[in-house]
1. Checking the conditions here, which among 118, 127 is part of a loop (DSSP other than H, G, I, E, B) and over 24 Å from residue 171 (Cα atoms)?
2. Can you name every residue in the range 42-62 that is of a type outside the set (A, V, I, L, M, F, W, C), at pLDDT 85 or above and surrounded by 15 or more Cβ atoms within 10 Å (Cβ to Cβ)?
3. If you go through the range 236-251, how many residues are assigned to a loop (DSSP other than H, G, I, E, B) and surrounded by 15 or more Cβ atoms within 10 Å (Cβ to Cβ)?
4. Taking the conditions exactly as written (part of a strand (DSSP E or B), open to solvent by 100 Å² or more (accessible area, probe 1.4 Å), outside the structural domain of residue 72 (by the TED database) and closer than 30 Å to residue 166 by Cβ), does residue 134 satisfy them or not?
5. Scan the helices (runs of 4 or more DSSP H) fully inside the range 158-235 and keep the ones with 2 or more residues being within 28 Å of the chain's Cα centre (by Cα).
6. May I ask you to list the residues in the range 137-156 that are of a type outside the set (Phe, Trp, Tyr), touching a residue at least 12 places away in the same chain (Cβ under 8 Å) and open to solvent by 30 Å² or more (accessible area, probe 1.4 Å)?
Amino acid sequence: MSEVKVKKETNLSDPVEVENRIKELCQQFPHGITDQVIQNDLPHLEPQQRAMALNKLLSLGQLDLLRNSSGLLYRMKDSQSTGKMKGSDNQEKLVYQVIEDAGSKGIWSRDIRFKSNLPLTEVNKILKNLESKKLIKAVKSVAASKKKVYMLYNLQPDRSVTGGAWYSDQDFESEFVEVLNQQCFKFLQSKAEAARESKQSPMVQRNSSFATSHEVWKFICELGISKVDLSMDDIETILNTLIYDGKVEMTVIAAKEGTVGSVDGQMKLYRGVNPVIQPTGLVKTPCGLCPVFDDCQEGGEISPSNCVYMTEWLDF
């Protein structure tokens, strides 16, 4: 016969037991609990007793007090951040906690002010103080070059903040991208040429002309033309631009788990293609093949007036 576990009742007259139960709730809900959660778990606990227990845990530095759209949140304090924030006041701890929650994507000062509910002047003062202690850092975002996001000092900024390999000091490296474009296409062309020279059957030639994104990535890395470490995703981004240009085609095949270059049991293969005859000028308009055609409109972020492909076509 299985043993039935009975929940131990909390002795509401014992402040220590109430505090321990609140800490247990915080451990069950790592993202934080509200007053309502405590009330639901301890319905007979007087509001004054609840407030005293929470204040005691806050004063001992065992809980963090946060604020979100639904109100106040109580969360177990991280032991590592506790040591770093030793000697800081509650407002400084609150701002640090908000920045920590933002992770590697960072957070604008405006959003810090909103989440902490502190005046802007106070937020700016705290940010400067935390920067001087090297607890946080300000990073310029490619999304808005005149604004900065704040994150913990030891974090590596997310690609959405830095722009990844294609940006240097918030400037788009168009020449670098063009060189990668050319070299990736050159590799796929050489693969196709070697397949043709093999004099095998057309189907075998076609299949052997494909290359995985891992092979292309390895070729680019061995060339040593990049000063930054490129990932497979970076190379696939370049290969996608070649697909949009009509120079490369892609197919997806099933692959065994653990195969180099495979993701979720699938592998992408790429091959360079050459048109049998050059199409007429009207057929070559970029709009006909544009993957963001529906989002293109004058005055928008994507528009005919700032379209690189349209400019090149008109120059031709």
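The values are calculated or read from the model by the stated rules, or taken from the named source; none is laboratory data. It should be emphasised that the depicted structure is a prediction, and the values quoted were computed from it without experimental measurement. Please note: Cβ atoms are built from the backbone with ideal geometry, for glycine as well, and neighbour counts cover all protein chains shown. In case anyone asks, the SASA skips ligands and DNA or RNA and just uses the protein heavy atoms, side chains included. Shrake-Rupley method; radii C 1.70, N 1.55, O 1.52, S 1.80 Å.
1. On the way: 127 fails: part of a loop (DSSP other than H, G, I, E, B).
Within the list 118, 127, the selection yields 118.
2. Listed by number, the residues that qualify are 49, 50, 56.
3. Step one: of the range 236-251, the residues assigned to a loop (DSSP other than H, G, I, E, B) are 245-247.
Applying the additional criterion that residues be surrounded by 15 or more Cβ atoms within 10 Å (Cβ to Cβ) yields 247.
Result for the range 236-251: 1.
4. Details: part of a strand (DSSP E or B): no; open to solvent by 100 Å² or more (accessible area, probe 1.4 Å): yes; outside the structural domain of residue 72 (by the TED database): yes; closer than 30 Å to residue 166 by Cβ: yes.
No, not satisfied.
5. Working: elements: 159-162, 174-197, 202-208, 213-223.
Here the list reads 159-162, 174-197, 213-223.
6. Here is the first cut: in the range 137-156, the ones of a type outside the set (Phe, Trp, Tyr) are 137-149, 151-152, 154-156.
Next, only the ones that are touching a residue at least 12 places away in the same chain (Cβ under 8 Å) stay: 137-143, 145, 147-149, 151-152, 155-156.
Result: 137, 138, 140, 142, 143, 145, 147, 148, 155, 156.
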